[in-house]
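Right, one structure below, let's go through it.
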Amino acid sequence: MSASHHPAPAPLGGPLWTPATKILAVLVAIAGVILLMRFLFGLGAVTNINDGYTWGIWVVYDVVIGSAFACGGYSVALLVYIFNKGEYHPMVRPALLASLFGYTLAGAGVIFDLGRYWNFWHIFWPGYAQPNSVMFEVAVCITAYIVVMWIEFSPAFLEKLGMKDIKRKLNKFLFFIIALGTLLPSMHQSSLGSLLVVFGYQVHPLWQSLLLPLFYLMTALAIGFAIVIFEACLSSTGFKRPLEMHLLGKLSKVMLWMLAAYLVIRVVDLLVRGAIGSMFELSIEAFMFWIEMGMFIAPLVILANAKSRKDPSRLFVAACCLLLAGFLLRIDSFLVGYETGPGWHYFPSVPEIMVSIGMIALEVLGYIVLVRYLPILPGTSSAAASNK
């Protein structure tokens, strides 16, 4: 089915100040106060970061995990524009919006965690560039991808403002922007895995592998599909909209094969490296590994049944399991399985956790505001009538 047969995107309209948005606004405000303290009094005032663990949950969750959870736009764009699956076109804008917020907040999260945050501009100055650094590549690619996504999403703003001529001119160059939008995430998602390879023996054998770049890229793609299903189910319930099961069912099948390939490669890698025995040790690392693998296996079992792929509740559960699995993979490899030396420990402080919750709240709040006022979600007859 071509994109032209789908309903045109339309603003949802409706009230903005609701009990849910009020709670989200309070969480954002709490995070804002904590961040003010951080920038006034330093990282030590609100975080448990130390000389052994120079980064904490603000980098691991807000950047490493947050960018993976923001891969919905990347995954759907690959299907629609690279593999020419036009039937998924209605999912592009909602997925891109979530990715836009996720990556923008991930970029901001890096600044929160920098000790000398006033020097962040060094990344973009040629005199300070370290092109052989994996971290440099991640920083530049994520920054460039944020800019690319804002350009990709700009037609929604242009439509709202009635700037049809500018939108038409922009469309002539969007193919190049879209190409960058599929290349850049492939680079930095795999490079997040490369960053762990550089850590060497400090990463537990259950996660330290030369295939980490592939693992991170494959799981980011699978998570991208899962987040699209997750958000579609929530928006359908929250905004009382029809759920496009004919698309989500097919999307879950793509996710299923991606997940199966990842699990096969993951287990074979453990066998080849001789790390399989570490799974049976009495340790927190082995315990967390089994939970992580269980969360990866659960959606595989659920989605293997064709009837489950047509059931919204089971699709939602499968998506949640996969999101939790991707979360655990990154937490385990960057924090649980990362040992810098004897005597060093890290667990996030309450203020650190509240800032991360506030970032999530800001993303959800921004999503609600924009879908109500901009043409993002596919229009329906009731939505169209309410916006006349």
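Worth a mention:
- Between helix 350-373 and the chain there is an angle of about 20 degrees, using the helix long axis and the longest principal axis of the Cα atoms.
- Surface share of carbon and sulfur [accessible, 1.4 angstrom probe, percent] for the chain: 72
- Structure note, pairs Lys85/Lys250; Lys164/Lys240; Lys250/Lys310: Cα-Cα distances above 20 angstrom occur for Lys164/Lys240.
- Here Lys167 is the anchor, and the aspartates and glutamates within straight C-alpha reach of less than 20 Å, apart from those fewer than 8 places off in the same chain, are Glu152, Glu159.
- In this structure the amide hydrogen of Leu374, modeled in the peptide plane, comes within under 5 Å of the amide hydrogens of Leu12, none closer than 5 places in sequence on its chain.
- Per DSSP, loop trypsin sites (Lys or Arg not before Pro) in region 221-290 with at most 11 further Cβ within 10 Å: Lys240
- List Val350, Val140, Val59, ordered by accessible area with a 1.4 Å probe, largest first: Val350, Val140, Val59
- Nearest 10 degrees, 0 to 90: helix 174-199 Cα axis against the chain principal axis: 20
- Centroid-to-centroid separation of region 251-304 and region 123-138 [C-alpha atoms, Å]: 34
- Dividing the summed -39500 (n - 2.57) terms of all DSSP H runs of n ≥ 4 by the residue count of the chain sets its mean residue ellipticity at 222 nm at -21500 deg cm²/dmol.
The values are calculated or read from the model by the stated rules, or taken from the named source; none is laboratory data. Just so we're clear, the structure is a prediction, and the values are computed from it rather than from any experiment. Here Cβ is always computed from backbone atoms with ideal geometry, including for glycine, and neighbour counts include all displayed protein chains. Just so you know, the surface numbers come from the protein's heavy atoms only, side chains and all, with ligands and any DNA or RNA stripped out. Shrake-Rupley method; radii C 1.70, N 1.55, O 1.52, S 1.80 Å.
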